[in-house]
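**Student:** To start, I am sharing the structure in question, which I have written as structure tokens.
The values are calculated or read from the model by the stated rules, or taken from the named source; none is laboratory data. Treat the numbers as computed from the prediction; the structure is a model and nothing was measured. Cβ coordinates were reconstructed from backbone atoms using ideal geometry, including for glycine residues, and neighbour counts include every protein chain displayed.
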Amino acid sequence: MGEIVSAMATVHAPQLFTRPPTEDPAQLDADIAAMRALGQSLDETKAEVAVVIGSDHLETFFLSAVPTFAIVAGQQSKASFAGRDYALPVDPLAEEVLEKLVAAGFDMTYSQDAVLGHSFAAVYEWVIGGRAIPVVPIFVNTYLPPLPTPRRCQQLGAAIGTVIANSDRRVAVIASGGMSHYPGTWKYPQPAYDFDWWAIAHLERGNIDALLNLTSEQLDEVGNTELLPWMVMLGAIGPQPAELLTYQPTWHHGHAVMRFIPNRTGAPGTPEPSPVYKFENSGGYQFYKHPDPAVYRLNKVIFDLRHQAPLRRRLFEDTNSVAAEYGLTETEAAALALLKDESVDILRSLKSHPLVDAGAHPLGMLMALVVVQAEQRRMRREALQ
């Protein structure tokens, strides 16, 4: 019989890699130390394979096709972020999980060569950390509605747990994501820290239904759609009380690292939470809505700019020609040009970026902004050589 010998959930913030001057280094160091402690749990529990459940920041999947759930089951799991590349061996258990999940009624997407982003890269860097542990990477859609419900994620996790139990492997289940943050939106500097602590308090007590009874729209309101991979992990292990290793309230993001199996605390470290969290929005996605098909071309150029260095350079040399090539409107073209403007403060202003007002997906916009402005800095350095 197989067994889940370790279960954990961790932050994967890109700032852990890039360490920009806007961040508190002590908070980042605390996150990394906690993630490395999770890695030590892999050693102590003698895990043979790691099921890694993560999301995507519109890097791997976007408007061409976004699966609800996917398994990357080639020979290697490739991930890339901030100049770091990973190629971890994929365990044969991945193929078995795929087959059994489809038989159980889950319509899984399958890929042998998807290059994953920092949701997986952070786990590979600081939790697995060079250990000879093969992986089973599982993707959950968290940013491009319609999203799966927490209950559906739990059901997927329960089915994965059954496959593990029927195997002969010692398995670690690692959920990557959360907690509260609103990247690319006007609310970026105002995370819902109170919700995070409410969720942590329930998880410390094993009250997983408090989270599983939420809707994806409610998670969107509190900046926590990235908790959906946690719901898959919870489905696999059931109502296990959790141990909080660290919670770092950065100016834009609640960073949490928790361990469910093994739990060494024995008692919760938080006050007794209210049974129900009070939400304000009565319906619909507020921050990460499905993009209007009418602005597909705008979202397409933003995606391409993230992946094509020559296109980024053309943006600086002749923005109008790029806008014309993609058939943008005058309003869209004017907003696109602002990707080059480092004085546009989209992070702390409590205002939407003009590209978001024009119809760009907020997270897609922010990721493009980071890449485009990094290209601009490279061009400046080259000009000085």
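**Student:** Please go through region 122-157 and give me each residue that is under 20 Å from H181 (Cα atoms) and not hydroxyl-bearing (S, T, Y), ordered by number. It would help to see each step written out before you state the result.
**Tutor:** Of all residues in region 122-157, those under 20 Å from H181 (Cα atoms) come to 122-123, 139-150.
Of everything in region 122-157, those that are under 20 Å from H181 (Cα atoms) and not hydroxyl-bearing (S, T, Y) turn out to be A122, V123, F139, V140, N141, L144, P145, P146, L147, P148, P150.
**Student:** For A337, state whether it is outside the structural domain of Q15 (by TED's automatic domain parsing), over 28 Å from the mean Cα position of the chain (by Cα), of a type in the set (G, A, S) and surrounded by 12 or more Cβ atoms within 10 Å (Cβ to Cβ).
**Tutor:** Here the answer is no, as A337 does not meet what is asked.
**Student:** Looking at (1) more than 26 Å from Y285 (Cβ to Cβ); (2) crowded, with 19+ Cβ neighbours inside 10 Å; (3) touching a Phe, Trp or Tyr at 6+ places or on another chain (Cβ under 7 Å), find the lone condition where V97 falls short.
**Tutor:** (3)
**Student:** Could you check, for region 350-368, whether at least one of its residues is loosely packed, with under 15 Cβ neighbours inside 10 Å, part of a loop (DSSP other than H, G, I, E, B) and assigned by TED's automatic domain parsing to the domain that holds I302?
**Tutor:** Yes - at least one qualifying residue is present in region 350-368.
**Student:** Looking only at region 72-82, how many residues end up being β-branched (V, I, T) and surrounded by fewer than 22 Cβ atoms within 10 Å (Cβ to Cβ)?
**Tutor:** 0
**Student:** So how many residues does region 38-69 have that are surrounded by fewer than 17 Cβ atoms within 10 Å (Cβ to Cβ) and assigned to a helix (DSSP H, G or I)?
**Tutor:** Residues flagged as surrounded by fewer than 17 Cβ atoms within 10 Å (Cβ to Cβ) and assigned to a helix (DSSP H, G or I) within region 38-69 amount to 3.
**Student:** Mind checking which residues of region 296-310 are of a type in the set (A, V, I, L, M, F, W, C) and surrounded by fewer than 17 Cβ atoms within 10 Å (Cβ to Cβ)?
**Tutor:** Listed by number, the list holds a single entry, A309.
**Student:** Which of the residues that make up region 189-240 are small (G, A, S) and farther than 14 Å from M258 by Cα?
**Tutor:** Residues satisfying the conditions are A192, A210, S216, G223, G235, A236, G238.
**Student:** Of these, K278, K300, K289, which one is free of Cβ contacts under 8 Å to residues at least 12 places away in the same chain and not β-branched (V, I, T)?
**Tutor:** K278
**Student:** Related question: So for region 127-136 (the condition being over 21 Å from I32 (Cβ atoms), in the same structural domain as T215 (by TED's automatic domain parsing) and surrounded by 24 or more Cβ atoms within 10 Å (Cβ to Cβ)), does at least one residue qualify?
**Tutor:** Within region 127-136, one or more residues are over 21 Å from I32 (Cβ atoms), in the same structural domain as T215 (by TED's automatic domain parsing) and surrounded by 24 or more Cβ atoms within 10 Å (Cβ to Cβ).
**Student:** Here's a check for you: in region 12-31, which residue that is surrounded by fewer than 15 Cβ atoms within 10 Å (Cβ to Cβ) and acidic (D, E) is nearest to T246 (Cα to Cα)?
**Tutor:** D29
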